[in-house]
2 protein chains.
Amino acid sequence: MTSVDSRVGAFGELPHVFSEAFSVLTFERAAALAVQCLTRHLDSNDRRGVTLQEPADLIAQARALMSSDPHGDFDEQRFTHIIDLYLRTGIQVHTTGYMGRQFSSVAPAAGVFDMVSAMAPQPASFYEAGQLANVADSIMAQEFAALLGWAPNQFDMVATSGGALGNLTALLAARNRFVPQAWTEGLQSRSDGRRLGIAVGADSHYSVSRAAGVLGIGENCVVRLPLDDQRRIRVHDAVTVIDQAARDGIDIFCLVASAGTTATGSIDPLDELADLASERGLWLHVDGAHSASFLVSERLRPRLRGIERADSFILDAHKTLFVPAACTLLFYREALSSQLAFEQVASYVFDEPYSEASRMESGGKNLECTKRPSIVNLWLLWSMYGRQLLASKLETLVDLTDMAHGLISAQADFRVLHTPQSNILCFQYAPAGGTVWDRDSLQSALRDKVRSRGNFLISKADVGDERALRLVMMNHEITEPDVRALLDEIREAAREIGVE
Amino acid sequence: MTSVDSRVGAFGELPHVFSEAFSVLTFERAAALAVQCLTRHLDSNDRRGVTLQEPADLIAQARALMSSDPHGDFDEQRFTHIIDLYLRTGIQVHTTGYMGRQFSSVAPAAGVFDMVSAMAPQPASFYEAGQLANVADSIMAQEFAALLGWAPNQFDMVATSGGALGNLTALLAARNRFVPQAWTEGLQSRSDGRRLGIAVGADSHYSVSRAAGVLGIGENCVVRLPLDDQRRIRVHDAVTVIDQAARDGIDIFCLVASAGTTATGSIDPLDELADLASERGLWLHVDGAHSASFLVSERLRPRLRGIERADSFILDAHKTLFVPAACTLLFYREALSSQLAFEQVASYVFDEPYSEASRMESGGKNLECTKRPSIVNLWLLWSMYGRQLLASKLETLVDLTDMAHGLISAQADFRVLHTPQSNILCFQYAPAGGTVWDRDSLQSALRDKVRSRGNFLISKADVGDERALRLVMMNHEITEPDVRALLDEIREAAREIGVE
């Protein structure tokens, strides 16, 4: 890349459009504008939810920003307007009105690094192309292994792009271990009349049963395990359900636990489930997308007791380690397990024979061919601040959720549905006198009304057979007055929709 | 997010570590440093390859950059060193020595926007959370539909994270169309003794046969179709192979063509393959990760003739539309096809009943739950510059490759293996007098020697039963003198490894 107007192409002067669009000068101008827009956006303490627009209206606004001049130069005003439109129409994760999703502001050093990896791209599946990403994989794996009590080099960690892909990859490895010919022969040739199945907690994430659909196992071979009143798998009942499945012709080969669940943040009894998996010869996978990050905190780590005995687990660093999406870490307790998911080589991407460098690269172990070096964002934060920053933030979020639990429990017109096990809380508005609304419709209506008022964003979830309001604490700046204001907002919304 | 030192947490003063790490001031400082580092890195015209280091050495350097102070403040020097280490150790895609991979510099406006979407994250699978991304999906879909001659609203486009995932999703939709019970019952219950299979060109990308392994179809049910001397599927022979597979008990339900292949950039005869697919009732999927972007150019579009008749095709905008990874567009000719891949709802993510807004969102149609709004990067470039910028760049890259083809063809000691159909060229060093090296080992050795000399990066590929050197033109600043210098570099490398 060269300075503007200084380059000559293969066939004389390149089209003028290049000399601006791809120049270093344009990079500097664009970066300066983006920093200005972001600073203005982030430097605000308002409570804000989300301002929903009709798709047709927003399409019209976006269309109006599209240049009609196909040879246009870099247009600072247009660029600024596009950034502002993006910022204005999205969820406002940096404000104290945002309590709605498992999705967070990122630490600025990591967010800025994403621009570096965008402008100087390195596909991280291959050592040759992105050496530091592969080295960061290795270092982060060792750091977590130490927290898990795992011996060096006896485990493996694969960085991948999102929890859904991480869960899919782990279940694929499990499937291929139990049906060694599945990779080459598929599941089509099984003819003993029996079927493979997966056992999951009733509240497991939709990506888990989806994975059964994708992998040729079939969603009807996903057996759901009953939960206790805190929405955790009941281990004793799990045994019964797994035995019944076997009598019905479904051989459970994999047990999927959650830490924590999407609806309530519940963490299954991992240690007891590891006992069960061990007794029955099952693969134990833990979907720790949301809460396996508790590993970084001395105080919170005990909540995950037993995770170190799982065959595999995932952790979404883009959820609760505050780096940009997507950055999922998939851990295998046994190093060779990571080879099970995919079995393939291609001459133009994988070097043979294996060198020390090619042994490090992940291309044979993740689905992606082009993979962003997102792991560098995590290693960078860890290097700059140590894991204590991440631990402190998680502990603060958990404390905030406990505060909200205490506060909401004390209200006569609200009802909490569980004791928080991480940073998620489900609750209901339930005025003492009753209303004409049925309980579940009321929660949905309140959620929508709160959203449309634009000051707060909360979500809804089904907890057993009840519809609930749901808050997720992702912003450490939230305070008790913010939670009180949310409750008043819900009461106001109730009045607006006619609840007395 | 607030300014440094101005915030009080739920329980009084937050730990000091927060007030710096998550502050707007830190964002501004980090951004200024990153811009400095990137400007220095990008503003250079050197020819550079890649400087490979032993993993152990690089791990030691990276470890040395990790803070031993767990409560450290933002350390400008450490941050700069980390960025510089990343930039120094990666592929140098912005230099004229880089001719090695299907991986490109990005247009700065799009690269900078990646920082915006990192600092103000919006999960793009859901309209509520990222309205502009969903709107950009819709606009980009319409723009491409016009180029394809598709009627509005009769097709669908899903943005997803990478070509491997795009191919997997398309094949999943195809599988589910041909085995309607596959999603719920899996492929385990098929008992007629016959098996489903996929037919692919012999040079198709490894992600395609991998997808068969993942989906429970089995790699042994992937039938490879013979190629002509330009590495394109021979349609007449394809018919024979598909018929033979049926006699062997494998019912081909899906035909996967390439535009273009990874090894040589070859584009299969899509129009004839569409005839074949239509006659036989097959799903035609085109892996256009690399070259389906030719759609944006009037001059190059005819090379894709017939792609508009495919049931599905993918296009990696992060390869050849010059936006950051990962940004894959998966097109379905029939709108309802996009519903086939996944079949599921979850109360906390999908709104019901369907509103106009929820109809736009992609969560039910892509594997990702958290998806980066990468499509906005593409819409932004299109809005700023029109598609002419992208068309001009692609045309320039194709012209450069033709120039290299002519130049290398004219050398007595080189041999080209095909006529380029996109921006990829495979060739061999073949000195007239012969050498003690066998032909294939020589190409591999030369490729490694060129890499270790550090001035150029080229790759290798297998073309039929021959090993080849491979160049991919991704940098429009490359000139004829650069290609001549590469040939001299290969000759010098040959001398170094003892070839006379």
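Read-outs throughout are calculated quantities, based only on the coordinates presented, and are distinct from any laboratory measurement. All figures in this text were calculated on a predicted structure; none of them were measured in a lab. We place every Cβ from the backbone using ideal geometry, glycine too, and count neighbours over all the protein chains shown.
Observations, loosely collected:
- Label point 7 Å beyond Cα along the C-beta direction, distances from residue A:57 to other copies (nm, shortest first): 6.0
- Each peptide in A:474-482, A:200-208, B:45-53 gets a packing score, the mean of other Cβ atoms within 10 Å over its residues, and the list from highest to lowest is A:200-208, A:474-482, B:45-53.
- Restricting attention to chain B, the count of lysine pairs at 8 or more positions apart or across chains with alpha carbons under 28 Å apart stands at 8.
- Cβ crowding within 10 Å, taken as a proxy for footprinting-reagent exposure, orders A:449, A:460 from fewest neighbours to most as A:449, A:460.
- Helix screen, chain A: DSSP H segments with Cα axial length of 18 Å or more and mean Kyte-Doolittle hydropathy at least 0.0 are A:24-42, A:131-148, A:163-178, A:235-247, A:387-409.
- Each copy carries residue B:80; placing its label point 7 Å along the C-beta direction from Cα gives inter-copy distances of 3.0 nm, listed from smallest up.
- Peptide A:160-167 has a mean of 5 when you count, residue by residue, the C-beta atoms of other protein chains within 10 Å of its C-beta.
- Each Lys and Arg adds +1 at its Cβ and each Asp and Glu adds -1 at its Cβ; summed about the Cα centre, the stretch A:270-429 shows a dipole of about 400 debye.
- Rounded FRET efficiency, nearest 0.05, which uses the C-beta distance separating residue B:278 from residue A:335 and R0 of 35 Å: 0.15
- Student exercise, the stretch A:216-362 dipole from Lys, Arg, Asp, Glu Cβ charges, in Debye to nearest 20: 560 debye
- Considering only the protein assembly as shown, percent of DSSP beta bridges that pair antiparallel, nearest 5: 60 percent
- Size descriptor, Kirkwood hydrodynamic radius, that averages inverse alpha-carbon separations across the stretch A:389-496, Å: 14.1 Å
- The alpha carbons of the stretch B:272-411 occupy a box of 64, 42, 23 Å along the principal axes, longest dimension given first.
- Mean partner shielding of peptide B:129-142, defined as the number of other chain Cβ atoms within 10 Å of each residue Cβ, is 5.
- Unit charges at the beta carbon, dipole of the stretch B:131-385: most positive-side option, B:226, B:312, B:142: B:226
- Nearest-0.05 FRET efficiency for residue B:194 and residue B:402, computed from C-beta distance (R0 51 Å): 0.65
- Put simply, when A:431-441, B:87-97, A:286-296 are sorted by average Cβ atoms within 10 angstrom per residue, most first, you get A:286-296, B:87-97, A:431-441.
- With a 10 Å cut-off around each Cβ of A:91-98, the average count of Cβ atoms from other chains is 3.
- Using alpha carbons only: equivalent-ellipsoid semi-axes of the stretch B:456-500, gyration tensor based, whole Å: 20, 18, 7
- Chain B versus the axis that turns it onto chain A: the residue with the nearest Cβ and the distance in whole Å amount to B:216, 1.
- The order of B:232, B:372, A:333, A:453, going from fewest to most other C-beta atoms within 10 Å of their C-beta, is A:453, A:333, B:232, B:372.
- Based on Cα atoms of the protein assembly as shown, Rg over Rh with Rh as the Kirkwood radius reads 0.95.
- Shape category assigned to the stretch B:65-116 from the gyration tensor of Cα positions, a/c cut at 1.5: oblate
- Each label point was placed 7 Å from the Cα along the Cα-to-Cβ direction; for residue A:56 and residue A:495 their separation is 3.4 nm.
- Pairs of alpha carbons in chain A whose separation is greater than 29 Å (percent): 58 percent
- Distances, shortest first, from the label point of residue A:235 to those at the same position in the other copies read 6.3 nm; the point lies 7 Å along Cα to C-beta.
- Per-q log10 I(q)/I(0), the stretch B:131-385, q = 0.17 Å⁻¹ (Debye; single scatterer per alpha-carbon; no solvent): -1.33
- Antiparallel content of DSSP bridges confined to the stretch A:131-385, in %, to 5: 40 percent
- In this entry, the stretch A:167-300 is assigned a mean projected area of 8.3 nm², taken as a quarter of its C-alpha convex hull surface.
- In a simple Cβ point-charge model (Lys, Arg +1; Asp, Glu -1; nothing else charged), the stretch B:131-385 has a dipole of about 400 debye relative to its Cα centre.
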